[in-house]
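Structure record follows, encoded as structure tokens.
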2 protein chains.
Amino acid sequence: MPDPMPPHLSPEEIRDALHRTADLVADYLTGSERYPVLPAVEPGEIWSSFADEAPEEPVPMDHLLDVYRERIEPAVTQWNHPGFMAYFAITATAPTVAGEALSAALNVNSMLWRTGPAPTEMEYKMCDWLRRLWGLPEDFVGHLVDTASTATLVALAAARHRHDPEVRRRGSAGRPPLVLYASEQTHSSVDKAAVVLGVGLDQVRRLPVDERFRLRPDALAAAVAEDRAAGLAPFAVVATAGSTSTTAVDPLPEIADLCAEHGLWLHVDAAYAGNAAVCPELRAHLTGWERADSIVVNPYKWSFLGFDGSVLLVRDVDELRHAFSVVPEYLKTSFLKHGGGEAGDLPHLMDLGFQLGRRFRALKLWMGLSAMGAGALRSGIRRHVRLAAELARRVDEDPRFERMAPAPFGTVCLRGVWDGPSEEETDTRNERLMERVNDAGPVLLSHTRLGPRFVIRVVFGHGRTGEEELETVWRLLAGAHDALSPGSPST
Amino acid sequence: MPDPMPPHLSPEEIRDALHRTADLVADYLTGSERYPVLPAVEPGEIWSSFADEAPEEPVPMDHLLDVYRERIEPAVTQWNHPGFMAYFAITATAPTVAGEALSAALNVNSMLWRTGPAPTEMEYKMCDWLRRLWGLPEDFVGHLVDTASTATLVALAAARHRHDPEVRRRGSAGRPPLVLYASEQTHSSVDKAAVVLGVGLDQVRRLPVDERFRLRPDALAAAVAEDRAAGLAPFAVVATAGSTSTTAVDPLPEIADLCAEHGLWLHVDAAYAGNAAVCPELRAHLTGWERADSIVVNPYKWSFLGFDGSVLLVRDVDELRHAFSVVPEYLKTSFLKHGGGEAGDLPHLMDLGFQLGRRFRALKLWMGLSAMGAGALRSGIRRHVRLAAELARRVDEDPRFERMAPAPFGTVCLRGVWDGPSEEETDTRNERLMERVNDAGPVLLSHTRLGPRFVIRVVFGHGRTGEEELETVWRLLAGAHDALSPGSPST
């Protein structure tokens with residue numbers, strides 16, 4: 001070959017580099033515990049470890065993989081680690097990594113059916129597999145976007161379009177001010193969506209919650225009435241099923257009633273807890289979500305299916321198409337009927353949102369879900385629920401700790417308590433407690449604020465997190481509490 | 001292990017599956033030519049080849065990889081194929097696939113520095129490597145988003161925020177109508193951004209172009225004056241460097257002058273042609289882009305760096321932070337000074353847009369760019385420019401074809417001509433000509449409309465596309481023309 005492709009690797013070099021990569025991946029997936037979850041790296045250390053300029057000459061892959069193993073892998077916060085109990089834990093498995101590697105090799109952009117027949121049809125199919133596993137009605141059609149933030153933005157844009165189709169052409173200026181409802185516990189992605197859409201943060205009603213951190217329907221009803229009386233235009237409610245702080249589920253049936261009464265779009269952010277619906281005994285927590293106009297679930301979050309890829313389910317997929325499609329009608333050759341039969345045609349993926357380019361994420365969903373099987377998915381989720389229940393029990397029974405919220409899923413909110421200090425001092429001491437636990441290495445916890453209170457979150461969600469990690473985190477929590485107690489030499 | 005992780009694979013099974021995947025990837029990267037670029041698959045065929053429900057029991061990885069190889073891989077439009085000359089051709093190489101596989105295994109979300117130190121710092125560093133390769137000033141700070149559509153949306157949201165910071169809180173309702181300028185050749189992502197932002201399609205001024213398909217600055221000046229006189233609020237111009245239809249570059253210096261004069265944000269969509277700036281002799285095409293407020297370049301598009309990942313460069317990164325950050329000030333612990341010294345701190349990635357979750361895309365950029373070296377990147381781009389020039393020469397010299405636009409980069413716009421038929425009949429015949437070429441298998445072309453005319457686009461952009469593919473596409477074009485000419489048995 002006189003003029004080979006960049007990067008000028010021979011077929012043998014390509015194969016060798018990929019096999020060495022396979023070993024690095026296998027080493028990591030079977031042994032990420034060798035790292036502390038939080039890396040010992042200083043800000044700027046990685047930045048300055050790289051030259052200022054890209055190399056002019058090719059660098060051998062062996063050298064790059066050495067640098068990866070020695071310098072980069074240890075400087076990553078180890079999300080794919082059984083001790084990762086921060087935020088919502090996420091898991092990649094060998095089948096999902098295989099799916100992503102093959103997808104990266106195909107390098108396909110499935111914007112149109114024609115530019116990616118298998119990717120397009122598998123995306124709809126895998127979302128339908130998940131819809132069935134979650135027990136949702138067949139009129140919901142799902143597709144994939146990168147993250148829940150994008151899904152919520154897309155859903156709220158569709159909500160606005162249904163409420164006031166004129167905005168698409170005329171813009172928001174001169175239209176009645178739109179108002180959006182959520183609770184004070186709703187994820188910040190709703191604020192960002194309001195910023196991007198031009199709804200404005202002042203028009204996001206952050207409604208109060210009850211003692212279990214659930215949106216209060218009476219407050220919603222009152223706010224809608226007040227806004228209508230003031231001449232404003234309520235258009236959507238974002239209800240949460242599994243809030244970020246406490247995994248609270250808003251009262252979906254009551255909210256759905258109010259949305260029906262007032263003609264509001266109901267978007268359910270089930271990014272975390274929607275995954276639990278695969279277990280029939282947990283589905284009761286989600287009752288009412290089947291009445292939503294749109295739902296987002298992140299299967300990467302608690303279905304062991306690898307980051308990224310959020311499922312955005314909509315009751316009427318044409319509402320997305322009408323909101324977003326900017327191509328002439330003749331290009332909209334729909335390519336297949338929805339499996340449900342009467343739900344209409346499935347549009348090209350590019351017509352369902354603002355992103356033209358789309359990776360082939362369905363491949364890893366198919367590989368991950370099939371290699372696992374629905375049975376193992378259920379057993380994994382049940383294991384985490386069991387671990388959380390056990391930690392909650394210990395916290396409830398131990399006077400050194402108090403539990404700060406119900407724990408219906410895999411997440412426990414707790415804090416240390418001591419005799420004597422004020423609430424403010426207790427907050428500070430809990431910050432130090434969490435730091436001590438995290439500095440130990442084997443686990444990583446995160447915190448939230450409930451009101452002004454500093455609260456520690458423990459999330460059982462990684463696929464390899466089991467009894468051993470429960471014992472570890474409990475030992476570290478108890479030890480850190482004791483070390484911070486009066487009389488302890490290290491207080 | 002009493003309770004192993006889903007999907008219940010042993011360490012040996014994990015390693016075996018990943019090595020078999022490595023072989024599949026290597027086979028594909030070194031031999032995607034075994035497939036026709038456009039797959040022979042009917043709508044619905046893949047959808048119905050899958051069961052309606054996810055399997056309950058685990059499916060062995062060997063079986064899944066067999067299905068992948070036999071059923072899925074052949075049903076993908078082969079973007080990663082040297083005969084892919086449609087849209088803008090894109091390339092994944094073994095190093096970029098290795099980077100994506102490792103990134104999938106780490107499964108990290110670098111929303112904050114702390115949740116991904118190496119991913120965060122490498123993302124800024126790799127964007128800085130590219131900025132330097134492209135010869136842009138050091139006050140530009142780049143980060144990665146999924147696609148150019150997202151980059152343009154984010155940039156225009158920041159533009160709006162600079163123009164009218166009140167919108168963030170108060171929303172667009174009641175504010176003066178914003179107006180956005182682009183040419184009739186600008187990518188549809190600007191329309192989608194206008195829809196999402198609530199600017200409205202009627203406020204996107206699609207300005208006329210000159211005979212070389214470049215935005216006419218006189219039309220821009222007139223439109224801005226007219227809109228101001230009408231009480232509207234011009235806020236941004238999207239200029240294109242390498243338009244989708246013809247790779248035209250708008251007159252950036254004149255547009256930058258007008259933006260400076262009128263206080264408009266200049267966003268340059270250099271998704272395609274920005275990549276050419278790595279070659280000093282091609283940089284003159286882009287003169288003026290260094291005066292932009294924001295620039296998007298897709299290194300996956302023409303730098304052989306794997307889909308997805310767009311570089312959004314902004315002159316003042318704090319303008320993104322101010323537009324998007326919704327976290328309290330105390331969380332904004334900036335973690336390092338920008339390499340440029342005086343450009344200020346680098347923010348957490350989550351503060352630069354609306355997407356909270358972020359894959360570790362910088363890993364594949366680093367691996368792909370380093371394994372290739374800047375020299376090979378330049379030689380790859382130069383090869384494509386040479387191939388396009390040669391095809392353009394043949395078209396110009398052959399009475400069977402006419403060229404429809406300048407070809408400064410790797411893309412040639414052409415159509416067949418025949419004695420006799422009307423322009424409309426010529427359009428139809430060109431559609432048939434393109435279908436014939438595409439049906440042959442070894443190449444895939446796409447088309448555009450210039451005015452009403454049907455125009456065929458030939459893009460030399462895949463890393464393995466060389467002289468052989470030029471000869472193939474020329475032979476197929478000429479053969480299809482002859483077959484469609486009067487007197488041919490197949491006319």
Residues that are open to solvent by 10 Å² or more (accessible area, probe 1.4 Å), in contact (Cβ under 8 Å) with a residue 24 or more places away in the chain, at the interface with chain B (Cβ under 7 Å from one of its Cβ atoms) and touching a His at 6+ places or on another chain (Cβ under 8 Å): does region A:110-122 have at least one?
yes
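Looking only at region A:64-72, decide whether some residue is more than 7 Å from chain B (Cβ to nearest Cβ), β-branched (Val, Ile, Thr) and free of Cβ contacts under 8 Å to residues at least 60 places away in the same chain. First the steps, then the outcome.
Taking region A:64-72 as the starting set, the residues that turn out to be more than 7 Å from chain B (Cβ to nearest Cβ) are A:65-67, A:69-71.
Among the residues that remain, those that are also β-branched (Val, Ile, Thr) are: A:67.
Still in the list and also free of Cβ contacts under 8 Å to residues at least 60 places away in the same chain: A:67.
Looking for residues that are more than 7 Å from chain B (Cβ to nearest Cβ), β-branched (Val, Ile, Thr) and free of Cβ contacts under 8 Å to residues at least 60 places away in the same chain, one finds at least one in region A:64-72, hence yes.
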Just to be sure, is A:Met126 surrounded by 24 or more Cβ atoms within 10 Å (Cβ to Cβ), within 17 Å of A:Asn275 (Cβ to Cβ) and either facing another protein chain (nearest Cβ under 8 Å) or touching a helix residue (DSSP H, G or I) at 6+ places or on another chain (Cβ under 9 Å) (or both)?
yes
State whether the residues of region B:460-469 include one that is in contact with a Lys or Arg (Cβ under 6 Å, 6 or more places away or on another chain) and either of a type in the set (Asp, Glu) or over 28 Å from A:Ala105 (Cβ atoms) (or both).
no
For the structure I just gave you, tell me whether B:Val459 is of a type in the set (A, V, I, L, M, F, W, C), within 21 Å of B:Gly242 (Cβ to Cβ) and within 14 Å of chain A (Cβ to nearest Cβ).
yes
Quick one: how many residues across region A:407-428 are polar (S, T, N, Q) and open to solvent by 30 Å² or more (accessible area, probe 1.4 Å)?
2
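Residues checked against (1) open to solvent by 30 Å² or more (accessible area, probe 1.4 Å); (2) touching a Gly at 6+ places or on another chain (Cβ under 9 Å); (3) more than 12 Å from every other protein chain (Cβ to nearest Cβ):
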{"residue": "B:Arg160", "(1), (2), (3)": "no, yes, no"}
{"residue": "B:Gly174", "(1), (2), (3)": "yes, yes, no"}
{"residue": "B:Pro177", "(1), (2), (3)": "yes, yes, no"}
{"residue": "B:Tyr181", "(1), (2), (3)": "no, no, yes"}
{"residue": "B:Val209", "(1), (2), (3)": "no, no, yes"}
Go through the residues of region B:2-19 one by one and say whether even a single one is within 21 Å of A:Pro11 (Cβ to Cβ) and either open to solvent by 60 Å² or more (accessible area, probe 1.4 Å) or at the interface with chain A (Cβ under 7 Å from one of its Cβ atoms) (or both).
yes
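Please enumerate the residues belonging to region B:370-391 that are under 24 Å from B:Ala86 (Cβ atoms), open to solvent by 10 Å² or more (accessible area, probe 1.4 Å) and not acidic (Asp, Glu). Don't jump to the end; show me each part of the working.
So the first thing to find is which residues in region B:370-391 are under 24 Å from B:Ala86 (Cβ atoms), and the list is B:372, B:377, B:379-391.
Filter once more, so that each one left must be open to solvent by 10 Å² or more (accessible area, probe 1.4 Å): B:379, B:382, B:385-386, B:389-390.
Residues satisfying the conditions are B:Ser379, B:Arg382, B:Val385, B:Arg386, B:Ala389.
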Odd one out for A:Ala155 among (1) touching a His at 6+ places or on another chain (Cβ under 6 Å); (2) part of a helix (DSSP H, G or I); (3) surrounded by fewer than 24 Cβ atoms within 10 Å (Cβ to Cβ):
(3)
It is to be established whether one or more residues within region A:452-460 are part of a loop (DSSP other than H, G, I, E, B) and at pLDDT 95 or above.
yes
Please go through region B:135-150 and give me each residue that is outside any loop (DSSP other than H, G, I, E, B) and facing chain A (nearest Cβ under 7 Å), ordered by number.
B:Ser149, B:Thr150
Selection status of B:Arg132, outside any loop (DSSP other than H, G, I, E, B), open to solvent by 10 Å² or more (accessible area, probe 1.4 Å), more than 7 Å from chain A (Cβ to nearest Cβ) and among the charged types (D, E, K, R):
no
With criteria (1) free of Cβ contacts under 8 Å to residues at least 40 places away in the same chain; (2) more than 30 Å from B:Val154 (Cβ to Cβ), B:Asp351 comes up short on (2)
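Filtering region A:25-36 down to residues that are small (Gly, Ala, Ser) and closer than 22 Å to A:Leu444 by Cα, which residue is least open to solvent (accessible area, probe 1.4 Å)?
Here the answer is A:Ser32.
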If you take the residues of region B:85-97 that are touching a strand residue (DSSP E or B) at 6+ places or on another chain (Cβ under 6 Å) and among the aliphatic types (A, V, I, L, M), which of them is surrounded by the most Cβ atoms within 10 Å (Cβ to Cβ)?
B:Met85
Looking at (1) surrounded by fewer than 24 Cβ atoms within 10 Å (Cβ to Cβ); (2) more than 7 Å from chain B (Cβ to nearest Cβ); (3) in a helix (DSSP H, G or I), can you tell me which one A:Pro82 breaks?
(3)
Residue in region A:392-406 that is surrounded by the most Cβ atoms within 10 Å (Cβ to Cβ), counting only those that are of a type in the set (Lys, Arg) and without any contact (Cβ under 8 Å) to a residue 24 or more places away in the chain:
A:Arg403
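Residues are listed down the side, and each one gets a yes or a no for (1) over 27 Å from the mean Cα position of the chain (by Cα); (2) open to solvent by 10 Å² or more (accessible area, probe 1.4 Å); (3) among the basic types (Lys, Arg):
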position	(1), (2), (3)
B:Asn430	no, no, no
B:Leu444	no, no, no
B:Thr448	no, yes, no
B:Ile456	no, no, no
B:Phe460	no, no, no
B:Thr472	no, yes, no
B:Ala478	yes, yes, no
All conditions in (1) in contact with a Gly (Cβ under 7 Å, 6 or more places away or on another chain); (2) open to solvent by 10 Å² or more (accessible area, probe 1.4 Å) are true of A:Val76 except (2)
Taking the options A:Gly487, A:Gly466, name whichever one is out of contact with any Cys (no Cβ under 9 Å at 6 or more places or on another chain) and surrounded by fewer than 17 Cβ atoms within 10 Å (Cβ to Cβ).
A:Gly487
Within region B:21-37, track down each residue that is free of Cβ contacts under 8 Å to residues at least 60 places away in the same chain, facing chain A (nearest Cβ under 8 Å) and not β-branched (Val, Ile, Thr).
B:Ala22, B:Asp23, B:Leu24, B:Tyr28
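Results for (1) touching a strand residue (DSSP E or B) at 6+ places or on another chain (Cβ under 9 Å); (2) at the interface with another protein chain (Cβ under 8 Å from one of its Cβ atoms); (3) under 16 Å from A:Ser103 (Cα atoms); (4) among the acidic types (Asp, Glu), shown as yes or no for each residue.
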{"residue": "B:Pro39", "(1), (2), (3), (4)": "no, yes, no, no"}
{"residue": "B:Glu53", "(1), (2), (3), (4)": "no, yes, no, yes"}
{"residue": "B:Glu56", "(1), (2), (3), (4)": "no, yes, no, yes"}
{"residue": "B:Asp62", "(1), (2), (3), (4)": "no, no, no, yes"}
In region B:37-73, residues that are part of a helix (DSSP H, G or I), farther than 27 Å from B:Leu445 by Cβ and open to solvent by 30 Å² or more (accessible area, probe 1.4 Å) total 7
Would you say A:Gly142 is small (Gly, Ala, Ser), touching a Cys at 6+ places or on another chain (Cβ under 9 Å) and within 22 Å of A:Ala323 (Cα to Cα)?
yes
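The values are calculated or read from the model by the stated rules, or taken from the named source; none is laboratory data. The shown structure was predicted, so the numbers you read here are calculated from the model rather than taken from an experiment. Positions of Cβ are backbone-derived with ideal geometry, glycine not excepted, and every protein chain shown enters the neighbour counts. All accessible areas refer to the heavy atoms of the entire protein, side chains included, with ligands and DNA or RNA removed. Shrake-Rupley method; radii C 1.70, N 1.55, O 1.52, S 1.80 Å.
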